[in-house]
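Reviewing the structure listed below.
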Ligand SMILES: C[S@@+](CC[C@H](N)C(=O)[O-])C[C@H]1O[C@@H](n2cnc3c(N)ncnc32)[C@H](O)[C@@H]1O
């Protein structure tokens, strides 16, 4: 593998101006683009509170600090013990996860295992370790889709991918917590449109072996493919029975790997890291460690893309668009 570059190319200032002083914002052309209506500019990240939109606790008002959410999460010890034992058996750092999302998945976990009690579930997993993956799949939600979150993908498509295509000889893209791979495949297809997928390195990692197995297979439903831009769905997938499969010219560029981002590290520096909709399941301290680890793994000038409800706040990580952050030269690990 060639040595990683020391700096990543910059977004073209004329098309997607990097954040300037707040008083300049009114004159910033990209503000008028409705697709990027919630772009945040320099200073916004510093003044906004540490907030998390909690999709699991609708009764908690928007803007409640995450630490308050965690502290206001009383759960029966037997529920918490149950989910944490299962995650630990799967080799995961169970204490790093917020309790509420996990505990709420207990009924789904019991249904997936076809048992009615937590005790029966644990006996089943002890008797048949293969059932552990079924349980973990139910506890760790793997919801994903192609081009999920139009505003974020608009910025990726219009600015970040063209930037890397133009300036980087070997763009390196890592999708952390990639689930079935739809997110990374979406990015790979954006590069493919430029004829550049063949000179990229794509890595997708997830802690669930079944998610990675599915990503490696590369089979997607007709409905899933129909949800993406038609030119991409038609050109880069082929029929296999009732499903559609990513063509080898693209799939051969992607490495899929079972990996726990809370414990493992991936070598190298990355131009673009996507870590979306994982941190919402993690406690605040672990989330902060996660952002630090990912920012550290970025090339200076590289971009981190997060989920809509996630908001990394690190010195040297500047928000440049909807859910998109750029590592600046002032970042210190
Ligand atoms: C909601 S999905 C997000 C998928 C995709 N990033 C997206 O936003 O469309 C969350 C994923 O995080 C994965 N995950 C949870 N804990 C993880 C960990 N410690 N390391 C790697 N992946 C993890 C889950 O297996 C699941 O596939």
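Every read-out reported here was derived from the displayed coordinates using simple, explicitly stated rules and does not represent laboratory data. Just so it is clear, the structure is predicted and the values come from calculations on it, not from any experiment. Quick reminder, even Gly has a Cβ in these numbers, built from the backbone with ideal geometry, and neighbours come from all protein chains shown.
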### Task
Quote to one decimal, in nm, the extra length available between residue 143 and residue 252 on full extension: 0.36 nm per residue of separation minus the C-alpha distance between them.
36.8 nm
### Query
Is region 166-280 best put as rounded, prolate or oblate by its Cα gyration tensor, with a ≥ b ≥ c the root eigenvalues, rounded for a/c under 1.5, and otherwise prolate when a/b is larger than b/c, oblate when not?
oblate
### Task
Please order 324, 240 by the number of other Cβ within 10 Å, starting at the fewest.
240, 324
### Summary
So residue 128 and residue 116, fully extended at 0.36 nm per residue minus their Cα-Cα distance, gain in nm 2.6 nm
## Note on the structure
For residue 194, placing the label point 7 angstrom along Cα-to-beta-carbon and taking region 254-287, residues whose amide nitrogen sits under 18 Å are 254, 270-274
#### Entry: Per-residue Cβ neighbour rank within 10 angstrom, fewest leading, 148, 111, 85
111, 85, 148
### Query
If the label point is 7 Å along Cα→Cβ of residue 167, which residues in region 283-324 have backbone nitrogen under 13 Å from it?
299-303
### Message
Between residue 216 and residue 332, what is 0.36 nm times their sequence separation minus the Cα-Cα distance? Round to one decimal in nm.
### Response
38.2 nm
